[in-house]
Amino acid sequence: MKVTLLGFMKKEFAQLLRDKRMRIILFIMPVIQLMLFGFALSNEVKNIRLAAVFPLSDRISHEVLSKAFGSGWFKPARTTSTRDPSEWIRADQADVVLVAPPEGITQALQRGNARIQLLIDAKNVVRAQQIEGYLTAILQTTALDFIPVAAAPQGGVVFETRVLYNPELITSYFMVPGVMSMILCVITVIMTSMAIAREREVGTFEMLIAAPISIREILLGKTVPYIALGMLDAPVIILFATAVFGVPLRGSLLLLLLLTFVFVCTTVAVGTLISTISKTQQQAMLGGFIFLLPAVLFSGLMFPIENMPIYMRVFGYCNPLYYYNSAVRNIMLKGGDPSAVLVNVLILAAFAAGLIWISAKRFRLTLG
């Protein structure tokens, strides 16, 4: 009995390790992922896009910006010429806007009191709280350096903080839209990645390519059903998010569905590419999870991409989930600024087109 068991185990090990792709998946990919996540993931908030509205003669405002940008936490926001600072937040051009009194912080403090307004984007609750803490600390220390009376009980700096788009700082408003993208990605990538691999494993792949249909028709037949499946799931997920978790849908439902359609096409293309590389369903499933783990972690769902070093941020910018998360939160929480959303839609469409082209090339190579 022991000889039989050992022989069976030897056969399983040999079958598992004789494939070069499987050896890479088992031994090399975990090391790569560990290195990526160890360097990239951080809870520290950095690269906060800061804009300010203040008189040019205001010395304290200039000093506050100088200290903020010099701290490494903040960077200048690239804003348009609109007169309404809240539009910079809505259009995703800034993370926080400092609005000084009309006469400036310096003169207001000399009179005894300065009311400063902070407009903070609260799509990410934890990030918003840390931004408020950073900026208020810089403002208070700078005011005391210039005018010691700012510490007196009868005068000082009074902050009027407006937390935009999630004033109650409800965590589900931030997390649920991101989880929506993760669910859609799991369904489409895993299911699609097993499509062609299943045909190879059960021995019907040869029959499929011998049938009187073109390569394009084979690929469409293998991808369109999963796109339809993803789009059938999308309204259910959106309804569940709004009805159960109370996440607001402030933007256009049609725009959200268009964004979701392009995203689903992209994830189905990812699954198809994995399927053309894999020879068995086991490889396809493992390949799908290897894509999903870094894709989720580099999507901004749990850790802001802006926190990562610039050389690691590239992985986030090459990740379809990052653009979907950014756009779906903009639509649901901010009302869907067209310029901000459409940029993400176009990037996702470019991803989908590129991945489909590579998958078609891989499929022809497989046939050859």
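Just so you know, all these numbers are worked out from the coordinates, no wet-lab data involved. What you are looking at is a predicted structure, and each value in this text was computed from that prediction instead of being measured. Here the Cβ is made from the backbone with ideal geometry for all residues, glycine too, and neighbour counts use every protein chain on show.
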Requested in this report: Rounding to the nearest 20 debye, state how big the charge dipole of segment 48-164 is about its Cα centre with +1 on each Lys and Arg Cβ and -1 on each Asp and Glu Cβ.
Outcome: 140 debye
Query raised in the report: What is the extension gain from Lys279 to Gln117, computed as 0.36 nm multiplied by their sequence separation minus the C-alpha to C-alpha distance, in nm to one decimal?
Result: 52.4 nm
Requested in this report: Using the Karplus curve 6.51 cos²θ - 1.76 cosθ + 1.60 with θ = phi - 60°, work out ³J(HN,Hα) for each residue of segment 217-230 in order, rounded to whole Hz, and write x for Gly and Pro.
Outcome: 5, 5, 5, 5, x, 8, 10, 4, x, 6, 5, 4, 5, x
Report task. Order by neighbour count: Asp84, Asp121, Asp145, fewest other Cβ atoms within 10 Å first, most last. Result -> Asp84, Asp145, Asp121
Query raised in the report: Of the peptides 316-322, 238-244, 304-310, how do they stack up when ordered by the mean number of other Cβ atoms within 10 Å, highest first?
Result: 316-322, 304-310, 238-244
Query - Karplus 3J(HN,Hα) series, Hz, for segment 117-133 with 6.51 cos²θ - 1.76 cosθ + 1.60 (x for Gly, Pro) - result: 9, 10, 9, 10, 6, 10, 4, 9, 4, 4, 4, 4, 5, 6, 4, 4, x
Query raised in the report: So which of Lys67/Lys123; Lys20/Lys222; Lys20/Lys279; Lys46/Lys334 end up more than 18 Å apart, counting from Cα to Cα?
Result: Lys67/Lys123; Lys20/Lys222; Lys46/Lys334
Report task. Determine which residues of segment 298-339 fall in the zone a paramagnetic label at Val186 would reach in this model, i.e. backbone nitrogen under 18 Å from the point 7 Å along Cα→Cβ. Result -> 298-303, 321-322, 325
Report task. Would you mind ranking Ser326, Ser193, Ser278 by Cβ crowding within 10 Å, fewest neighbours first? Result -> Ser326, Ser278, Ser193
Report summary line: In order over segment 103-114: 3J(HN,Hα) from phi, Karplus 6.51/-1.76/1.60, θ = phi - 60°, whole Hz, x for each Gly or Pro, gives 8, x, 5, 4, 5, 5, 5, 5, 7, x, 7, 10
Report summary line: re segment 263-338: pairs of Cα atoms spaced beyond 14 Å account for a percent value of 66 percent
Query - Cut-off under 5 Å, modelled amide H: who pairs with Ala52 long-range - result: Leu98
Report summary line: Any residue on another chain or 5+ positions along whose placed amide H is under 5 Å from the amide H of Arg115 is listed here as Val158
**Report entry** Packing-based exposure ordering (other Cβ within 10 Å, fewest first) of Phe291, Phe245, Phe315
**Finding:** Phe245, Phe315, Phe291
Query raised in the report: How big, on average over all directions, is the shadow cast by the Cα convex hull of segment 170-367, in nm²?
Result: 11.5 nm²
Report summary line: The extension gain from Lys361 to Cys318, computed as 0.36 nm times the residue separation minus the Cα-Cα distance, is 13.4 nm
Query raised in the report: For Arg250 and Ala349, what is the calculated FRET efficiency with R₀ set at 22 Å and r taken between the beta-carbons, to the nearest 0.05?
Result: 0.40
Report summary line: If the chain between Gln140 and Glu87 were fully extended at 0.36 nm per residue, the gain over the current Cα-Cα distance would be 16.4 nm
